[in-house]
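Trainee: This is the structure I have questions about; it appears just below.
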Amino acid sequence: PCSVHGRVTDIWRAYFAQRLLWDVGLRLAFSPPWVVQFRNAHNYLADFNSEVPLYQQAGALVGALLRWQPAARTLPGRFEELYVHMYELGIVGLSDVRLAQAWLADLDRIGYPFPPILDRPPRAVKPARSGGVRERHGERRAATSGAGQAT
């Protein structure tokens, strides 16, 4: 999204991407940083203030993404539909919808082969319940720590 602060855009983009990736059977992954950033002196309070939407809207955004039931039968259709939905919720601006549409048109123009939507896409990993058990794809399993050992 281009209508939100740069300190917010990458996080919103990852949330949107993950929701769409579920529909094609894929997941978003994160890794530790590959670079070291030496920060220059600047106004850290301004950084915090620019991140306020993250703190105020993240929970509602995640809930909206989990409840979203797309009508489109293709990934580009769902991408556009998701951006329109996020605009209607006040998460992104109209400029983001137009930019998403232009990007999809460019991808179509160069013949990009979008992955197909799965008939039964896997569901999201649900937060751990009491007792450290998570449910994924309708299965119950022990939650694991970052090292892969049961907690």
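Trainee: In the stretch 76-83, is there at least one residue being surrounded by 15 or more Cβ atoms within 10 Å (Cβ to Cβ), modelled with pLDDT under 95 and among the charged types (D, E, K, R)?
Mentor: Within the stretch 76-83, none of the residues are surrounded by 15 or more Cβ atoms within 10 Å (Cβ to Cβ), modelled with pLDDT under 95 and among the charged types (D, E, K, R).
Trainee: For the stretch 1-56, what are the residues that are of a type in the set (Asp, Glu) and either open to solvent by less than 60 Å² (accessible area, probe 1.4 Å) or touching a residue at least 40 places away in the same chain (Cβ under 8 Å) (or both)?
Mentor: Asp23, Asp47, Glu51
Trainee: For the condition at pLDDT below 95 and closer than 14 Å to Pro1 by Cα, what is the one hit in Gly90, Gly132?
Mentor: Answer to the check: Gly90.
Trainee: Do you know which of the residues in the stretch 60-75 that are assigned to a helix (DSSP H, G or I) and open to solvent by 60 Å² or more (accessible area, probe 1.4 Å) is nearest to Gly25 (Cα to Cα)?
Mentor: So in the stretch 60-75, the residues assigned to a helix (DSSP H, G or I) come out as 60-67, 75.
If we keep only those that are open to solvent by 60 Å² or more (accessible area, probe 1.4 Å) too, we end up with 60, 66-67.
Details: Ala60: 24, Leu66: 15, Arg67: 18 Å.
Filtering first and then ranking leaves Leu66.
The values are calculated or read from the model by the stated rules, or taken from the named source; none is laboratory data. Quick caveat, the model's predicted, so the values are computed rather than measured. We place every Cβ from the backbone using ideal geometry, glycine too, and count neighbours over all the protein chains shown. Only protein heavy atoms, including side chains, enter the accessible area calculation; ligands, DNA and RNA are left aside. Shrake-Rupley method; radii C 1.70, N 1.55, O 1.52, S 1.80 Å.
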